[in-house]
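Have a look at the structure below, then the notes.
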Amino acid sequence: MASCDNILVAAGLHKTLGKGAAAVHVLRGLDLTVRRGEFLAVMGPSGCGKSTLLHVLGLITPPDDGAIELDGQPLPAGQARRNALRREHIGFVFQRFNLLNVLTARDNVAVSLRIRGKSDNGRVAELFEALGVARESRRKPEQMSIGQQQRVAVVRALAHRPALLLADEPTGNLDSTNSQALLEILRQTNRKEGQTIVMITHSASVAASADRIVQMDDGRILDGNDSAGR
Amino acid sequence: MYLPLANILHYKLRSVLSALGIGIGICMLVTLSGLSRGSLYEIADRWEAVDADLIVYPDVWGENVTTMSGIGVPDRYAARFRAKHGRLVEDVVPVFLWHLRLAGQDQTVAGVDVGDFQRLVGGRKLSAGRVFDPDGAFGEWLEELLLTDSDSDEVIEITEADLADPQHNGLELVIDDRLAAAGDYAVGDVVTAANHRFEIVGIVPAGGMTRLYMPRRAAQMLFGNGDITKSTILFVKLADGAEASLAARKLRRPGLEVIQVRQYRDMLEHKFGIMFTYVDAVNVIALVIAFLFIMITLYTMVLQQTRQIAILKSGGATNFFLLRQVLAESLLLTAAGTVIGLALSIAAAWAIQHFRPLLTVTITWHWVLAGATAALAGAALSALYPAWRATRVDVLEALSLE
């Protein structure tokens, strides 16, 4: 990925979910700038559009209006090319983990790497070890606790060393000890590998781990967007 | 683990039912083909087992020679061929064919002189009992009665009792062991067929020309309107070094066709070609149903795995990757179905031949390969629409993220 101060710039994002009477205008002209190597926390009340923002930034769904620049480049036209960008540069930790139930933890990560055309090189085992789920790596998600599943989801998101990690409530299902361990991993990858992290959280103490916190409400960023950091 | 394989192992019932559906389709293809062709080829095999090179029959019969019986070729040709073509012909065997209903179905019975019996059964030794009319007494008795020149105008009347006279019993049968198994017959049993009572005097291993053998003179007398001067066909055994096609041309006479024994199979196939067409049509229908089953299964699979597909797409999986997953799962199920189909076919063949000993199911690799190829091609085609549906899955909707 080419070097640029801002890895992600979103301007005037609009997104409506649902159709007809059930349609909800979730993002309402949202602007957000994320600097390279930054650890950013997005906070806000439930239903304010935080997860939708992450899906739009993660190129899982396109905005209805507005523009996104990734590393100084506008997004290419066509979903296939955006998918290629997502495979190469973005890691995603979903709020509900979204692990494949038919595969073991290890195989979940392996499939993710295979989709991205990446090899393991021992990193996966290190991540499993660091996140305390090495023993569970041969188990299927249904044989693991919620917290263990969450940590496996983080391993999957980090395995291919994405330049940008988008995490939706990554500590939402963890106890305080495991939350701290996970945040430490995120901080380490952020500092050692220069990985940019955008994390959604409800917890002020979790958000405190980030370099910068932005508040979001009613589909817009309220404040913190221009902050230089903590 | 490979994702398509993991899916198959995870959704066990669905996988088993799918593979079974495919397997039944392949089993139908292999078994029906094996049954229709097997039974027919078994007849051809048996005719080819006759220790002879040529078949002589009335030319007006054409391909119907494969099903004809009764009066056909005058016996005098046997003597003429021997006399005129002594260097070409080693032996000529007149055979009178008829049909007797035994073991619940019509059986071709070959009336043959006791001295020619071994040639007809391809040298097989009797496994029980003895050959009919072993000393030729019946043949001699009838020939003396009917073939000796006589100036007398007296009508010769031969009764059932005359035929069955213990001194020269002509109502004797030798049957093959498959017919014996099918009818639970043993040496010494008396059976009634065509309004006559026959005694089973011997059992020969299957593989000879027919399943039933009786004295030719008795067959001519009973089923040839009392005329014992004509048989149905002649088998000709050529002398060593004689070239069959050349010999056939030399022996051909006006009104008589001469073919090589190995041509019989082609004639049989041609004669019953319409039956193969019918069976193949049934097979195609069976396969189409099996493919529809695969398609429905895969479509259900895509619906069932919408969330999984959405997860893969959210990770950046390309349409090609998703298509490959669905296709691989389809092909794996089909491969399993093919194995099941083959196993079912072998079991069906065994069951058919065990409970219906007179039927032959010939499972050939040709048809197994044809079934497997058709199934794999069908599975690939059947996977296309479900795979396309997979690429159309809406990630956010499927993951119910909001």
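Could you identify which residue out of B:G62, B:G207, B:G122 has the top mean-square fluctuation in a GNM of chain B using Cα springs shorter than 10 Å?
Residue with maximal mean-square fluctuation among B:G62, B:G207, B:G122: B:G62.
Which distance in nm do the two modelled labels at B:E48 and B:A186 give, with both placed 7 Å along the Cα-to-Cβ direction?
3.6
If you find the alpha carbon centre of the range B:108-139 and of the range B:158-219, how far apart are they in angstrom?
10
Taking 22 Å as R0, compute the FRET efficiency from the Cβ-Cβ separation of B:L359 and B:N195 and round it to 0.05.
Numbers: r = 27 Å, r/R0 = 1.24.
Rounded to the nearest 0.05, the efficiency is 0.20.
For chain B, with a Gaussian network of springs between Cα atoms less than 10 Å apart, report the residue from B:A372, B:A317, B:A286 with the top mean-square fluctuation.
Largest GNM mean-square fluctuation: B:A317.
Compute a Gaussian network model of chain A, connecting alpha carbons closer than 10 Å, and tell me which residue from A:D65, A:D217, A:D175 fluctuates the most.
Maximum among the listed residues: A:D175.
Rounded, prolate or oblate for the range A:2-104? Axes are the square roots of the Cα gyration tensor eigenvalues, ordered a ≥ b ≥ c, and the cut-off for rounded is a/c under 1.5. Present the calculation step by step, with values, prior to reporting the outcome.
Values: a/c = 1.39, a/b = 1.09, b/c = 1.27.
It comes out rounded by the Cα gyration axes.
Given points 7 Å out from each Cα along the Cα-Cβ axis, report the A:D175 to A:L222 separation in nanometres with one decimal.
3.3
Take every Cα-Cα distance within the range A:94-230, group them into 5 Å bins from 0 onward, and report for each bin the whole-number percent of pairs it holds.
2, 10, 20, 23, 20, 12, 8, 5, 1
Using just the helices of chain A, give the 222 nm mean residue ellipticity in deg cm²/dmol: DSSP H runs with n ≥ 4 each add -39,500 (n - 2.57), and the total is spread over all residues, rounded to 500. Can you show the working numbers first?
On the way: 7 runs with 73 residues, N = 230.
Result for chain A, helices only: -9500 deg cm²/dmol.
Report the residues of the range B:251-267 in range of a label on B:K84: point 7 Å along Cα→C-beta, backbone N strictly under 17 Å from it.
Answer for the range B:251-267: B:251-259.
Any idea which of B:Q304, B:I363, B:I289 is furthest toward the positive side of the dipole for the range B:243-402, if Lys and Arg beta-carbons carry +1 and Asp and Glu beta-carbons -1?
B:I363
Assuming a ≥ b ≥ c are the square roots of the Cα gyration tensor eigenvalues, decide whether the range A:1-57 counts as rounded (a/c under 1.5), prolate (otherwise, with a/b larger than b/c) or oblate.
Values: a/c = 3.11, a/b = 2.05, b/c = 1.51.
Here the range A:1-57 falls in the prolate category.
Find, to one decimal place in angstroms, the Kirkwood hydrodynamic radius of chain A, where the mean of 1/r is taken over every pair of different Cα atoms and then inverted. Can you show the working numbers first?
Values: mean 1/r = 0.0560 Å⁻¹.
Mean inverse Cα-Cα distance, inverted, gives 17.9 Å.
What value, in deg cm²/dmol to 500, does the helix sum -39500 (n - 2.57) over DSSP H runs of n ≥ 4 give at 222 nm once divided by the residues of chain B?
-17000 deg cm²/dmol
Magnitude of the Cβ-charge dipole of the protein assembly as shown, K/R +1 and D/E -1, about the Cα centre, nearest 20 debye?
Details: 63 positive and 67 negative charges, 816 e Å.
Once rounded to the nearest 20, the dipole reads 3920 debye.
Taking the DSSP beta bridges in the range B:51-260 as the whole, what percent of them are antiparallel, to the nearest 5?
On the way: 33 of 42 bridges.
The answer is about 80 percent antiparallel.
Can you find, among A:L99, A:S205, A:G172, the residue farthest towards the positive end of the dipole of chain A? Put +1 on the C-beta of Lys and Arg, -1 on that of Asp and Glu.
Result: A:L99, furthest along the dipole toward the positive end.
Let's test the formula: R0 of 51 Å, r as the Cβ-Cβ distance of B:L246 and B:I296. What FRET efficiency results, to the nearest 0.05? Display every interim value, and only then the final one.
Values: r = 61 Å, r/R0 = 1.20.
My answer for the efficiency is 0.25.
Any idea which of B:S127, B:W61, B:H99 is furthest toward the positive side of the dipole for the range B:51-260, if Lys and Arg beta-carbons carry +1 and Asp and Glu beta-carbons -1?
B:W61
Treating the beta-carbon of each Lys and Arg as +1 and of each Asp and Glu as -1, no other charges, what is the dipole magnitude of the range B:51-260 about its Cα centre, to the nearest 20 debye? Don't skip to the answer; put the middle values down first.
Numbers: 21 positive and 33 negative charges, 220 e Å.
Magnitude of the dipole: close to 1060 debye.
Per residue, what volume in Å³ does the Cα convex hull of the protein assembly as shown take up? All intermediate terms of the calculation are to be shown ahead of the outcome.
Details: hull volume 145.7 nm³, N = 632.
Enclosed volume per residue, from the Cα hull, is 231 Å³.
Give me B:Y57, B:Y299 sorted ascending by neighbouring Cβ count inside 10 Å, so fewest comes first. Each step should come with its number before you reach the end.
Details: B:Y57 21, B:Y299 18.
By the 10 Å Cβ count, ascending: B:Y299, B:Y57.
Among DSSP beta bridges lying fully in the protein assembly as shown, give the percent that are antiparallel, nearest 5. Don't skip to the answer; put the middle values down first.
Working: 52 of 78 bridges.
Roughly 65 percent of the beta bridges in the protein assembly as shown run antiparallel, per DSSP.
If you add up the charges near A:G66, with Lys and Arg at +1 and Asp and Glu at -1, over every other residue whose beta carbon is less than 15 angstrom from its beta carbon, what do you get?
Its environment carries a net charge of 0.
Taking R0 as 41 Å, what FRET efficiency do you get between B:R14 and B:A128 from their Cβ-Cβ distance, rounded to the nearest 0.05?
Numbers: r = 54 Å, r/R0 = 1.32.
After rounding, the FRET efficiency stands at 0.15.
Calculate the translational D of chain B in whole µm² s⁻¹ from Stokes-Einstein, where the hydrodynamic radius comes from the Kirkwood formula applied to all Cα pairs, the temperature is 10 °C and the viscosity 1.306 mPa s. Numbers along the way, then the final one.
On the way: Rh = 25.1 Å.
Approximately 63 µm²/s, per Stokes-Einstein.
Once you place label points 7 Å from the Cα toward the Cβ at A:E142 and B:I156, how far apart are they in nm?
Each label point is offset 7 Å from its Cα along the Cβ direction, giving 8.7 nm.
Only four residue types carry charge here, +1 at the Cβ of Lys and Arg and -1 at the Cβ of Asp and Glu. Report the dipole size of the range A:51-208 about the Cα centre in Debye, rounded to the nearest 20.
Values: 20 positive and 16 negative charges, 118 e Å.
Magnitude of the dipole: close to 560 debye.
Hey, could you grab the Kirkwood Rh for the range B:42-198? Inverse mean 1/r over distinct alpha carbon pairs, Å, one decimal. Before the final figure, lay out each step's value.
Working: mean 1/r = 0.0562 Å⁻¹.
Kirkwood radius, the range B:42-198: 17.8 Å.
Bear in mind that the values in this text are calculations on the coordinates, not laboratory data. Note that the structure is a prediction, hence the values are computed from the model and not measured. Note that we place each Cβ from the backbone using ideal geometry, even for glycine, and neighbour counts take in every protein chain shown.
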